[in-house]
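Participant: Here it is: the structure, laid out below.
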Amino acid sequence: MHPDRPSFGSTGLLDSSIASELLHRPAIEPCACGSSLAFIHCCGLGGGEVRTELPEQDQALAGGLEDAKARRDREATREAALAILGISPGHKDALQALYDVLQHEQKWDAASAVIDRLARIHFNDAVSRMIAAQYFLARGDMLRAQFHARMLVRLAPEALISHLTMGRAFLAQHNGKAAEHHFRIGLALPAPRGPDVPRRDIEAHLAIALRDQGRFDEARALFEVLAEDTKEPTLLLAWAKLEESDRKVEVALQLLERAEALAPDHPQLPIARATLFRRTHEHDRALALLDASVGEDGASSGLLEKGQILDSMGRYDEAFATFTALKARLCETSGHSYQAERAASLVKDLREFFTEGRSRLLPRASLRSDHPQPIFIVGFPRSGTTLIEQTLSAHPDIAAGDELPIIGQLAERAQNLLGSLLTYPKALSEMWLGDRAGHVDSLRDLYLNEAVRFGAVDPAKRWFTDKMPLNETHLGLIHILFPQSPIVHLVRHPLDVVLSVFSNGLTHGFHCAYALESAARHYALIAELIAHYHTALPLNYRAVRYEELVADQEGEVRSLLDFLGVPFVPATLAFHENARYARTASYAQVTEPIYTRSVHRYRNYLKHLEPVIPILMPAIQRLGYAIETDRHSAPSDDRIKSKAKLIAPDCSGATK
């Protein structure tokens with residue numbers, strides 16, 4: 001079997017709850033995915049050969065399908081496709097016709113299963129791959145979108161649509177560097193094949209990729225050329241986002257006025273304006289815009305903006321209701337939910353592999369003294385990692401690497417890279433063998449080479465940061481690749497972290513942020529794993545408590561720089577003046593001087609957080625926090641400082 005081709009019985013076609021039900025469903029019953037096919041002809045298909053052509057005596061059915069499609073008779077098309085697939089479950093035209101019907105009816109689980117099956121059965125068909133990749137991109141299913149887009153590029157590397165689709169998939173995962181690569185290849189193709197794609201479409205996506213990398217001047221120059229006499233409001237909206245990110249609010253507003261002149265009813269216009277008004281603290285004005293345009297069934301971006309504005313206005317119950325509607329909307333449109341079994345299985349494997357005894361036997365990579373080294377800033381999303389990176393990158397010895405996906409990619413590829421029969425983390429056991437011990441240096445170099453490719457490394461600086469959220473899941477791998485690199489762990493009150501995760505549109509951590517309870521469960525799971533790593537590995541580790549940092553900024557920054565072995569410079573205290581664009585959900589917050597309003601924010605939502613307190617209580621106690629109930633009194637700096645100093649966290653349960 002091809003290594004990139006999962007069997008049809010593997011996870012990936014449906015979520016685990018549906019898959020579990022299917023295992024106990026009689027084969028002749030309709031499939032639970034909602035396709036109207038029998039289970040045995042749908043999600044019950046095995047991984048063996050599947051009939052893809054009709055027998056000679058049934059060829060008339062294919063003519064009936066073509067006739068129904070030509071008449072645009074949706075019900076007749078469905079019946080004809082089902083009849084064909086009952087005989088030949090892999091019939092290409094019938095699968096595509098059924099997919100078209102299901103997509104039109106918004107039967108997302110069924111449409112996802114059918115289009116995924118079409119592309120996997122017709123493994124080398126570029127058109128099927130293109131349709132699947134574009135569908136999953138629109139659905140926000142980045143795992144499957146990336147899988148099919150990668151196969152599309154392999155099958156049709158000279159087709160412009162291949163590189164546009166792959167670039168869009170990378171953009172959706174906030175990988176502007178990789179997206180830029182494909183857009184530039186597309187623009188350089190001498191005689192592109194496949195469907196026609198206007199050159200300006202590629203250039204517009206390239207401008208967005210440059211914007212998302214913080215390369216504002218390059219992106220702006222491209223937007224200026226493309227926007228001359230443009231009739232495309234989406235182009236102006238994308239340009240306005242650049243100016244908002246670059247703190248040029250008035251320019252952004254002017255661009256939105258141009259977009260409105262072209263499309264007064266564009267659904268993204270009020271959301272974009274509300275974002276600008278929130279940046280300028282005109283909350284009433286922003287909320288009025290959203291109230292007039294965003295209902296509970298509105299776009300997720302509008303619900304997110306509305307919830308955050310209500311929070312800023314102190315209307316906490318309304319804000320929580322809006323965040324709840326946001327999560328319901330995201331679940332509905334993406335089909336995602338927390339992958340609890342996968343997360344628990346990975347953590348179990350990591351705990352069993354990285355024991356104190358076993359870890360001693362693993363080789364450690366040597367230090368590359370000729371190359372800048374990483375500082376790993378780890379922490380659950382919304383714990384303050386962006387604040388620390390902006391602080392450190394204001395230092396002349398430290399470059400900002402941003403959220404580098406490299407550690408996660410090495411974990412995913414470890415089995416192949418090490419030639420192991422086992423999956424990660426067990427694949428690392430190959431390095432116990434004498435003829436493979438040197439592979440640890442190869443993995444180190446692969447990380448460093450990728451960091452250069454991502455633009456994270458400045459050869460003139462000693463360090464670069466890597467602040468990918470939840471990299472703490474892989475502290476064992478980080479330690480053996482870079483045993484001397486500092487690990488800076490941001491710690492914040494668990495209730496504040498989980499609340500902030502819930503009130504943002506994040507996808508990290510096996511989609512744990514799609515519900516309050518799953519965010520809490522994943523936080524608790526990773527907190528236990530970190531505590532385990534402390535017993536098994538001699539980490540070069542320092543915890544930074546968010547509450548201490550905002551209460552005593554200079555003291556904490558000086559202490560952190562001492563830990564890193566670099567001298568204190570005053571610029572690190574003025575992180576908000578750092579011209580670098582932070583490409584995270586915190587990009588606007590780190591343009592302000594340090595503030596304390598996010599400390600104990602959970603108190604405003606305590607009644608809504610009650611269901612998750614038992615889940616988080618072990619972590620709350622281990623880290624030395626308490627649960628305060630007074631939502632009306634903002635903590636003073638002295639109060640934060642004295643309370644935070646009671647027990648300084650090392651995430652192992654010990655105290656300093």
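The values are calculated or read from the model by the stated rules, or taken from the named source; none is laboratory data. Treat the numbers as computed from the prediction; the structure is a model and nothing was measured. Because the Cβ atoms are built from the backbone with ideal geometry, glycine has one as well, and the counts that use them run over all protein chains shown. We work out accessible area using only protein heavy atoms, side chains counted, and drop any ligands, DNA or RNA first. Shrake-Rupley method; radii C 1.70, N 1.55, O 1.52, S 1.80 Å.
Participant: Does residue 451 meet the test of being in contact with a Leu (Cβ under 7 Å, 6 or more places away or on another chain), open to solvent by less than 50 Å² (accessible area, probe 1.4 Å) and over 19 Å from residue 393 (Cα atoms)?
Facilitator: Details: in contact with a Leu (Cβ under 7 Å, 6 or more places away or on another chain): yes; open to solvent by less than 50 Å² (accessible area, probe 1.4 Å): yes; over 19 Å from residue 393 (Cα atoms): no.
It is false that residue 451 is in contact with a Leu (Cβ under 7 Å, 6 or more places away or on another chain), open to solvent by less than 50 Å² (accessible area, probe 1.4 Å) and over 19 Å from residue 393 (Cα atoms).
Participant: State the number of residues belonging to segment 31-64 that are under 10 Å from residue 110 (Cβ atoms) and either of a type in the set (Val, Ile, Thr) or open to solvent by 60 Å² or more (accessible area, probe 1.4 Å) (or both). Break it down stepwise before answering.
Facilitator: Residues of segment 31-64 that are under 10 Å from residue 110 (Cβ atoms), as a first pass: 31-37, 42-43.
Going one step further and asking which of them are either of a type in the set (Val, Ile, Thr) or open to solvent by 60 Å² or more (accessible area, probe 1.4 Å) (or both), we end up with 36.
Number satisfying all stated conditions: 1.
Participant: Hey, among the residues in segment 427-445 that are buried (at least 16 other Cβ atoms within 10 Å of the Cβ) and touching a residue at least 40 places away in the same chain (Cβ under 8 Å), which one's nearest to residue 409 (Cα to Cα)? Steps first, please.
Facilitator: Taking segment 427-445 and keeping what is buried (at least 16 other Cβ atoms within 10 Å of the Cβ), we get 427-431, 436, 439-440, 443-444.
With touching a residue at least 40 places away in the same chain (Cβ under 8 Å) added as a condition, the list becomes 428-429, 431, 440, 443-444.
Numbers: 428: 14, 429: 18, 431: 18, 440: 15, 443: 11, 444: 13 Å.
Residue satisfying both the conditions and the ranking: 443.
Participant: Hey, among 141, 125, which residue is more than 24 Å from the chain's Cα centre (by Cα) and charged (D, E, K, R)?
Facilitator: Numbers: 141 fails: more than 24 Å from the chain's Cα centre (by Cα).
None of the other options fit; the residue is 125.
Participant: Moving to a separate point now. Which count do you get for residues in segment 219-229 that are surrounded by 15 or more Cβ atoms within 10 Å (Cβ to Cβ) and assigned to a helix (DSSP H, G or I)?
Facilitator: Going through segment 219-229, the residues surrounded by 15 or more Cβ atoms within 10 Å (Cβ to Cβ) turn out to be 219-220, 222-223, 226-227.
Now drop any that are not assigned to a helix (DSSP H, G or I), which leaves 219-220, 222-223, 226.
Number of matching residues: 5.
Participant: When you check residue 523 against the structure, is it open to solvent by 20 Å² or more (accessible area, probe 1.4 Å) and either in a strand (DSSP E or B) or touching a Gly at 6+ places or on another chain (Cβ under 9 Å) (or both), yes or no? Walk me through it before giving the result.
Facilitator: Values: open to solvent by 20 Å² or more (accessible area, probe 1.4 Å): yes; either in a strand (DSSP E or B) or touching a Gly at 6+ places or on another chain (Cβ under 9 Å) (or both): yes.
So residue 523 fits the description; yes.
Participant: Oh, and also: For segment 240-306, which helices (runs of 4 or more DSSP H) that fit wholly inside it have 3 or more residues that are open to solvent by less than 70 Å² (accessible area, probe 1.4 Å) and farther than 27 Å from residue 514 by Cα? Before you say what the answer is, go through the steps one by one.
Facilitator: Numbers: elements: 249-262, 268-279, 283-291.
Answer list for segment 240-306: 249-262.
Participant: For residues that are farther than 30 Å from residue 111 by Cα and either β-branched (Val, Ile, Thr) or buried (at least 21 other Cβ atoms within 10 Å of the Cβ) (or both), tally how many sit in segment 318-333. Even if it seems obvious, please write down each step before you answer.
Facilitator: Narrowing segment 318-333 to residues farther than 30 Å from residue 111 by Cα: 318-321.
Those left that are additionally either β-branched (Val, Ile, Thr) or buried (at least 21 other Cβ atoms within 10 Å of the Cβ) (or both): 319-320.
Number satisfying all stated conditions: 2.
Participant: Are any of the residues in segment 187-198 open to solvent by less than 20 Å² (accessible area, probe 1.4 Å), in contact with a helix residue (DSSP H, G or I) (Cβ under 7 Å, 6 or more places away or on another chain) and not hydroxyl-bearing (Ser, Thr, Tyr)?
Facilitator: Taking segment 187-198 as the starting set, the residues that turn out to be open to solvent by less than 20 Å² (accessible area, probe 1.4 Å) are none.
No.
Participant: Considering every residue within segment 407-424, establish whether at least one is acidic (Asp, Glu), without any contact (Cβ under 8 Å) to a residue 60 or more places away in the chain and open to solvent by 10 Å² or more (accessible area, probe 1.4 Å).
Facilitator: Step one: filter segment 407-424 for residues acidic (Asp, Glu), giving 412.
Of the ones still in play, those that are also without any contact (Cβ under 8 Å) to a residue 60 or more places away in the chain are 412.
From what's left, open to solvent by 10 Å² or more (accessible area, probe 1.4 Å): 412.
Checking segment 407-424: at least one residue is acidic (Asp, Glu), without any contact (Cβ under 8 Å) to a residue 60 or more places away in the chain and open to solvent by 10 Å² or more (accessible area, probe 1.4 Å).
Participant: Still on this structure: Under the condition of being without any contact (Cβ under 8 Å) to a residue 40 or more places away in the chain and polar (S, T, N, Q), which residue from segment 38-93 is farthest from residue 118 (Cα to Cα)?
Facilitator: Taking the candidates together, the pick is 57.
Participant: Being touching a strand residue (DSSP E or B) at 6+ places or on another chain (Cβ under 8 Å), in contact (Cβ under 8 Å) with a residue 24 or more places away in the chain, over 26 Å from residue 339 (Cβ atoms) and charged (D, E, K, R) narrows it down to one residue among 200, 193, 211; which is it? Working first, answer last.
Facilitator: Working: 200 fails: touching a strand residue (DSSP E or B) at 6+ places or on another chain (Cβ under 8 Å); 211 fails: touching a strand residue (DSSP E or B) at 6+ places or on another chain (Cβ under 8 Å).
Testing whether each residue is touching a strand residue (DSSP E or B) at 6+ places or on another chain (Cβ under 8 Å), in contact (Cβ under 8 Å) with a residue 24 or more places away in the chain, over 26 Å from residue 339 (Cβ atoms) and charged (D, E, K, R) leaves just 193.
Participant: Right, here's the next one. Answer yes or no as to whether residue 67 is open to solvent by 60 Å² or more (accessible area, probe 1.4 Å), acidic (Asp, Glu), touching a Gly at 6+ places or on another chain (Cβ under 6 Å) and farther than 30 Å from residue 192 by Cβ. Even if it seems obvious, please write down each step before you answer.
Facilitator: Numbers: open to solvent by 60 Å² or more (accessible area, probe 1.4 Å): yes; acidic (Asp, Glu): yes; touching a Gly at 6+ places or on another chain (Cβ under 6 Å): no; farther than 30 Å from residue 192 by Cβ: yes.
Judged against the criteria, residue 67 is not a match.
Participant: Taking segment 222-277 on its own, how many of its residues are within 20 Å of residue 293 (Cβ to Cβ) and under 26 Å from the mean Cα position of the chain (by Cα)?
Facilitator: 17
Participant: Somewhere in segment 573-583, is a residue at pLDDT 90 or above and surrounded by 13 or more Cβ atoms within 10 Å (Cβ to Cβ)? Before you say what the answer is, go through the steps one by one.
Facilitator: Here is the first cut: in segment 573-583, the ones at pLDDT 90 or above are 573.
Checking the rest, the ones that are also surrounded by 13 or more Cβ atoms within 10 Å (Cβ to Cβ) come to 573.
Among the residues of segment 573-583, at least one is at pLDDT 90 or above and surrounded by 13 or more Cβ atoms within 10 Å (Cβ to Cβ), which makes the answer yes.
Participant: Taking segment 486-507, which residues are among the β-branched types (Val, Ile, Thr) and farther than 10 Å from residue 384 by Cβ? Walk me through how you get there before you give the answer.
Facilitator: Here is the first cut: in segment 486-507, the ones among the β-branched types (Val, Ile, Thr) are 487-488, 491, 497-498, 501, 507.
487, 488, 498, 501, 507 - these are the residues of segment 486-507 that are among the β-branched types (Val, Ile, Thr) and farther than 10 Å from residue 384 by Cβ.
Participant: Oh, and also: Please work out if residue 155 is over 30 Å from residue 508 (Cβ atoms) and open to solvent by 20 Å² or more (accessible area, probe 1.4 Å). Step through it out loud before you land on a result.
Facilitator: Values: over 30 Å from residue 508 (Cβ atoms): yes; open to solvent by 20 Å² or more (accessible area, probe 1.4 Å): yes.
Answer is yes for this residue.
Participant: Then there is this: What residue, of 133, 110, is in a helix (DSSP H, G or I), under 28 Å from residue 49 (Cα atoms) and over 24 Å from the mean Cα position of the chain (by Cα)?
Facilitator: 110
Participant: Filter segment 468-485 for residues that are in a loop (DSSP other than H, G, I, E, B) and more than 17 Å from the chain's Cα centre (by Cα) and give the result. If you could, list the steps in order and put the result at the bottom.
Facilitator: Filtering segment 468-485 down to residues in a loop (DSSP other than H, G, I, E, B) leaves 468-470, 482-485.
Once the filter is applied, which keeps residues that are in a loop (DSSP other than H, G, I, E, B) and more than 17 Å from the chain's Cα centre (by Cα), segment 468-485 yields 482, 483, 484, 485.
Participant: Working only within segment 449-462, note down all residues that are over 25 Å from the mean Cα position of the chain (by Cα) and closer than 16 Å to residue 485 by Cβ.
Facilitator: To start, the set of residues in segment 449-462 that are over 25 Å from the mean Cα position of the chain (by Cα) comprises 458-462.
Of everything in segment 449-462, those that are over 25 Å from the mean Cα position of the chain (by Cα) and closer than 16 Å to residue 485 by Cβ turn out to be 461, 462.
Participant: What is the number of the single condition among (1) touching a residue at least 12 places away in the same chain (Cβ under 8 Å); (2) small (Gly, Ala, Ser); (3) closer than 24 Å to residue 493 by Cβ; (4) surrounded by fewer than 24 Cβ atoms within 10 Å (Cβ to Cβ) that residue 379 does not meet?
Facilitator: (4)
Participant: Determine whether residue 336 is open to solvent by less than 70 Å² (accessible area, probe 1.4 Å), out of contact with any strand residue (DSSP E or B) (no Cβ under 8 Å at 6 or more places or on another chain), modelled with pLDDT under 90 and part of a loop (DSSP other than H, G, I, E, B). Walk me through how you get there before you give the answer.
Facilitator: Numbers: open to solvent by less than 70 Å² (accessible area, probe 1.4 Å): yes; out of contact with any strand residue (DSSP E or B) (no Cβ under 8 Å at 6 or more places or on another chain): yes; modelled with pLDDT under 90: yes; part of a loop (DSSP other than H, G, I, E, B): yes.
Against the criterion (open to solvent by less than 70 Å² (accessible area, probe 1.4 Å), out of contact with any strand residue (DSSP E or B) (no Cβ under 8 Å at 6 or more places or on another chain), modelled with pLDDT under 90 and part of a loop (DSSP other than H, G, I, E, B)), residue 336 qualifies.
Participant: May I pose another question? Return the only residue of 182, 205 being in contact (Cβ under 8 Å) with a residue 40 or more places away in the chain and either more than 23 Å from residue 451 (Cβ to Cβ) or outside any loop (DSSP other than H, G, I, E, B) (or both). Explain how you work it out, then say what you get.
Facilitator: Working: 182 fails: in contact (Cβ under 8 Å) with a residue 40 or more places away in the chain.
On inspection, the qualifying residue turns out to be 205.
Participant: Among the residues of segment 87-140, which ones are open to solvent by 50 Å² or more (accessible area, probe 1.4 Å) and of a type in the set (Gly, Ala, Ser)?
Facilitator: Applying the first criterion (open to solvent by 50 Å² or more (accessible area, probe 1.4 Å)) to segment 87-140 yields 87, 92-93, 96, 100, 103-109, 124, 127, 134, 138.
Within segment 87-140, 138 is the sole residue that qualifies.
Participant: Next up: Residue 488 versus (1) surrounded by fewer than 21 Cβ atoms within 10 Å (Cβ to Cβ); (2) not in a helix (DSSP H, G or I): which is the lone unmet condition?
Facilitator: Going through (1) surrounded by fewer than 21 Cβ atoms within 10 Å (Cβ to Cβ); (2) not in a helix (DSSP H, G or I) one by one, residue 488 breaks only (1).
Participant: Which is open to solvent by 30 Å² or more (accessible area, probe 1.4 Å), assigned to a helix (DSSP H, G or I) and at pLDDT 95 or above, of 367, 346, 350? Working first, answer last.
Facilitator: On the way: 367 fails: assigned to a helix (DSSP H, G or I); 350 fails: open to solvent by 30 Å² or more (accessible area, probe 1.4 Å).
Answer to the selection: 346.
Participant: Any idea which of (1) open to solvent by 40 Å² or more (accessible area, probe 1.4 Å); (2) in contact (Cβ under 8 Å) with a residue 24 or more places away in the chain; (3) assigned to a helix (DSSP H, G or I); (4) not aromatic (Phe, Trp, Tyr) is the one residue 461 doesn't satisfy?
Facilitator: It fails just one condition, (3).
Participant: Return yes when residue 315 is touching a residue at least 60 places away in the same chain (Cβ under 8 Å) and surrounded by fewer than 19 Cβ atoms within 10 Å (Cβ to Cβ) and no when it is not. If you could, list the steps in order and put the result at the bottom.
Facilitator: Values: touching a residue at least 60 places away in the same chain (Cβ under 8 Å): no; surrounded by fewer than 19 Cβ atoms within 10 Å (Cβ to Cβ): yes.
Judged against the criteria, residue 315 is not a match.
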